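Peer 1: First the structure, then my questions, so here it is.
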Amino acid sequence: MNATPASADDLIVIGKIVSVHGVRGDVKVYSFTDPIENLLSYKHWTLKRDGEVRQIELVSGRLQNKVLVAKLKGLDDREEARLLAGFEICVLRSLLPDLTDGEYYWYQLEGLKVIDHLGQLLGKIDHLLETGSNDVMVVKPCAGSLDDRERLLPYTGQCVLAVDLVAGEMKVDWDADF
């Protein structure tokens, strides 16, 4: 496991090591990819936690219930594997597959200004949440926003009218009083 030369801006978090699995050094991984097993298609991981950065190679992995179990190169001891719990799993942004028009990665949406159909600034997208029915945008107030309210908006075609990554804006059909 080595330090990585990649800039933090070039890395995207795609999962997190949550605990150990078994006695041979395997780790349980929570995946942020959809479907979750897509994380296993990335063989070289950059691990980050509290300013510490490590490079590691995925040897194998499998889906077990709603988590992945991964075997990492050079990791054969349960106690050594336990030390990796809490590390975020990152890959280079350039390795992510291209999306079709109208599709966006969450990292592209985070930080966009959210403007309602009346032209009022509701805030900026802080992060997104996955729910059973649809994803939800957490919109927090920012300089110039209509008020100091945090809003939860559904990331659906009915709510999201337009996304302009260049302008850093998202237009939504949303009642500011809701």
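Peer 1: Name the residues in the stretch 134-161 that are touching a strand residue (DSSP E or B) at 6+ places or on another chain (Cβ under 7 Å) and not aliphatic (A, V, I, L, M), would you?
Peer 2: Residues satisfying the conditions are Asn134, Asp135, Lys140, Pro141, Cys142, Gly144, Ser145, Glu150, Arg151, Pro154, Tyr155, Cys159.
Peer 1: Then there's this: Being among the aliphatic types (A, V, I, L, M) and either within 13 Å of Ile14 (Cα to Cα) or free of Cβ contacts under 8 Å to residues at least 40 places away in the same chain (or both) is the filter here; which residues of the stretch 74-97 pass it?
Peer 2: Leu83, Ile89, Val91, Leu92, Leu95, Leu96, listed by residue number.
Peer 1: Any idea which of Leu161, Leu118, Leu153, Leu75 is more than 25 Å from Asp50 (Cα to Cα) and assigned to a loop (DSSP other than H, G, I, E, B)?
Peer 2: Leu118 is the lone residue from the list that is more than 25 Å from Asp50 (Cα to Cα) and assigned to a loop (DSSP other than H, G, I, E, B).
Peer 1: Out of the residues in the stretch 21-38 meeting the condition of being part of a loop (DSSP other than H, G, I, E, B) and of a type outside the set (Phe, Trp, Tyr), tell me which one is surrounded by the most Cβ atoms within 10 Å (Cβ to Cβ).
Peer 2: Among them, the one singled out is Gly25.
Peer 1: Identify the single condition in (1) surrounded by fewer than 18 Cβ atoms within 10 Å (Cβ to Cβ); (2) aliphatic (A, V, I, L, M); (3) at pLDDT 95 or above that Ala6 does not satisfy, given that it satisfies every other one.
Peer 2: (3)
Peer 1: A further question on this structure: Within the stretch 126-135, is even one residue touching a Pro at 6+ places or on another chain (Cβ under 8 Å), under 21 Å from Lys171 (Cβ atoms), in a strand (DSSP E or B) and of a type outside the set (Gly, Ala, Ser)?
Peer 2: Scanning the stretch 126-135 turns up no residue that is touching a Pro at 6+ places or on another chain (Cβ under 8 Å), under 21 Å from Lys171 (Cβ atoms), in a strand (DSSP E or B) and of a type outside the set (Gly, Ala, Ser).
Peer 1: Continuing with the same structure: Any residue at all in the stretch 169-178 that's under 24 Å from Asp50 (Cα atoms) and more than 18 Å from the chain's Cα centre (by Cα)?
Peer 2: no
Peer 1: So the check is Cβ under 6 Å with 6+ separation or different chains; which pairs have a first residue in the stretch 149-165 that's polar (S, T, N, Q) and a second one that's surrounded by fewer than 16 Cβ atoms within 10 Å (Cβ to Cβ)?
Peer 2: Taking only residues 6 or more apart or on different chains, the pairs are Thr156/Asn134.
Peer 1: Okay, next question. What number of residues in the stretch 78-115 are more than 13 Å from Asp164 (Cα to Cα) and in a strand (DSSP E or B)?
Peer 2: Total satisfying the criteria: 5.
Peer 1: Please state which of the following conditions Asp98 fails to meet, knowing it meets all the rest: (1) farther than 24 Å from Asn38 by Cα; (2) exposed (fewer than 15 other Cβ atoms within 10 Å of the Cβ); (3) of a type outside the set (Lys, Arg).
Peer 2: Result: Asp98 fails condition (1) only.
Peer 1: Every residue in the stretch 164-178 that is among the hydrophobic types (A, V, I, L, M, F, W, C), surrounded by fewer than 16 Cβ atoms within 10 Å (Cβ to Cβ) and either at pLDDT 95 or above or in contact with a Pro (Cβ under 9 Å, 6 or more places away or on another chain) (or both), please.
Peer 2: Of everything in the stretch 164-178, those that are among the hydrophobic types (A, V, I, L, M, F, W, C), surrounded by fewer than 16 Cβ atoms within 10 Å (Cβ to Cβ) and either at pLDDT 95 or above or in contact with a Pro (Cβ under 9 Å, 6 or more places away or on another chain) (or both) turn out to be Leu165, Val166, Ala167.
The values are calculated or read from the model by the stated rules, or taken from the named source; none is laboratory data. Model, not experiment: these values are computed from the prediction. All Cβ positions, even for glycine, are placed from backbone atoms using ideal geometry, and neighbour counts span all protein chains on display.
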